[in-house]
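J.: Below you will find the structure I want to go over with you.
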Amino acid sequence: MEKKEMLYEGKAKKVYSTEDPNYLIVSYKDDATAFNGQKKGQITGKGIVNNTMSNIIFGMLEERGIPTHFVEQISETDTLVRAVKILPLEVIIRNVAAGSFSKRYGVPEGSELAKTVLEFSYKNDELGDPLINDDHILALELATVEELDTVRGYAFMINDALREFFLTKGLKLIDFKIEFGKCLVGDDDDEAGDIILADEISPDTCRLWDVKTGEKMDKDRFRRDLGNVEETYQEVMARMKK
Ligand code: TMP
Ligand code: ASP
């Protein structure tokens, strides 16, 4: 299938229609932003890395029974995906304290947590993606009780699968953000209304620390000006392919 019309341009991806309304093409960009778009830059090769890595991971998750929007890779930066209505929720899982969790609760980065944490943010750039709880989500009708149960179940399954997978690549999964979508129409695999994993799983959306050195191997290198940004993305992609 081929790109027809650009439907949406986000901070890191463009989304195109195809001849079939049930399918879209996502095109990953090298553009990088942080702090809700306040910091802007380019990470050469990031589009290729994030596309390649997301597709490898989505394939691995599908094998473990987690439905995803992935259909087929079209080029180094482009992928055919199922069209879904994205739930306006950023689903964050934290295995180790870092980032905004450390800041908000005054816990040093790297502290082990007594329990894996699931957080929701309301996906809304104007509001700065505020933290939101189950009652807020139901009150604002962002998802139903059943949808929330499904999302929560998948999120923990995905965490187990990712932790194990990244460890085989010498990476410790500190935390990550995922997004889910609702199928618009049914196909061979899913019925209309089913919740499936969408968006991406990449160094932009995960914190990954090298198991041996503790070095940050993710977008924090860009957010925090740690240097070797491009090289780190390439290294993560190389490990994914091993
Ligand atoms: P945080 O500690 O800044 O809240 O980030 C938690 C995780 O979510 C981290 O792995 C990075 C990821 N993330 C995104 O994918 N998009 C975002 O806009 C933000 C703020 C975080
Ligand atoms: N997606 C964030 C932004 O709004 C960046 C981040 O990942 O921290 O720019």
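J.: Taking the Cα atoms of the stretch 1-121 alone, what are Rg (to one decimal) and Dmax (as a whole number) in Å?
T.: Computed over the Cα atoms of the stretch 1-121, radius of gyration and Dmax are 16.9, 51 Å.
J.: Something else now. Using mean Cβ contacts within 10 Å as the protection proxy, how do 137-145, 218-226, 106-114, 160-168 order, highest first?
T.: Those peptides, ordered most packed to least, come out 218-226, 160-168, 137-145, 106-114.
J.: Here is a follow-up. Please arrange S75, S17 by counting, for each residue, the other beta carbons lying within 10 Å of its beta carbon, fewest first.
T.: With the fewest neighbours first, S75, S17 line up as S75, S17.
J.: Return the distance in nm (one decimal) between the two label points of a simple spin-label model at D20 and E63, each offset 7 Å from Cα along Cα→Cβ.
T.: Output for this residue pair reads 2.4 nm.
J.: Could you work out how far apart the two model spin labels at D134 and T44 are, taking each label as a point 7 Å from the Cα in the direction of the beta carbon, and quote it in nm?
T.: Each label point lies 7 Å from its Cα, and together they span 4.9 nm.
J.: Can you quote the Å³ per residue value for the convex hull of the Cα atoms in the chain, rounded to an integer?
T.: Cα-based convex hull of the chain, divided per residue, equals 132 Å³.
J.: If you place +1 on the Cβ of every Lys and Arg, -1 on the Cβ of every Asp and Glu, and leave all else neutral, what size is the dipole of the stretch 123-242 about its Cα centre, to the nearest 20 Debye? Numbers along the way, then the final one.
T.: Working: 17 positive and 30 negative charges, 220 e Å.
That gives a dipole near 1060 debye.
J.: Could you grab the relative contact order for the stretch 37-148? Cα pairs under 8 Å, six or more apart, rounded to a whole percent.
T.: Over the stretch 37-148, the number comes to 16 percent.
J.: Also, quick follow-up: Using +1 at the Cβ of each Lys and Arg and -1 at the Cβ of each Asp and Glu in the chain, identify which of V107, T150, I196 lies farthest towards the dipole's positive end.
T.: Positive-most Cα among the choices belongs to V107.
J.: Put a dot 7 Å past each Cα toward the Cβ at T168 and R224; how far apart are the dots in nm?
T.: 2.9 nm
J.: Separate question: If you place +1 on the Cβ of every Lys and Arg, -1 on the Cβ of every Asp and Glu, and leave all else neutral, what size is the dipole of the chain about its Cα centre, to the nearest 20 Debye? Write down the numbers at each step before the final one.
T.: Numbers: 33 positive and 46 negative charges, 253 e Å.
With only Lys, Arg, Asp and Glu charged at Cβ, the dipole is about 1220 debye.
J.: Could you calculate the contour length gain from L113 to N36, that is, 0.36 nm times the residue separation minus the distance between their Cα atoms, to one decimal place in nm?
T.: Result: 25.1 nm gained on full extension.
J.: A further question follows. Can you give the helix-only mean residue ellipticity at 222 nm for the chain, where every DSSP H stretch with n ≥ 4 adds -39500 (n - 2.57) and the sum goes over all residues, rounded to the nearest 500 deg cm²/dmol?
T.: -9000 deg cm²/dmol
J.: Using only the alpha carbons, work out the radius of gyration and Dmax of the stretch 107-242 in angstrom.
T.: Calculated on Cα positions, Rg and Dmax stand at 16.9, 47 Å.
J.: Quote the charge dipole size of the stretch 48-151 about the Cα centre in Debye, to the nearest 20; the model charges only the Cβ of Lys and Arg (+1) and of Asp and Glu (-1).
T.: Around 280 debye, computed over the stretch 48-151.
J.: With an 8 Å cut-off on Cα pairs and a minimum separation of 6 or more residues, tell me the relative contact order of the stretch 82-138 in percent.
T.: On the way: 70 pairs, mean separation 18.6, N = 57.
RCO, the stretch 82-138: 33 percent.
J.: Need the full-extension length gain, T144 to K3, defined as separation in residues times 0.36 nm minus the C-alpha distance. One decimal, nm.
T.: 47.5 nm
No value in this document is a laboratory result; all are computed from the given coordinates. Since the structure is predicted, the reported quantities are computational estimates derived from the model, not experimental observations. Note that each Cβ is placed from the backbone with ideal geometry, even for glycine, and that neighbours are counted across all protein chains shown.
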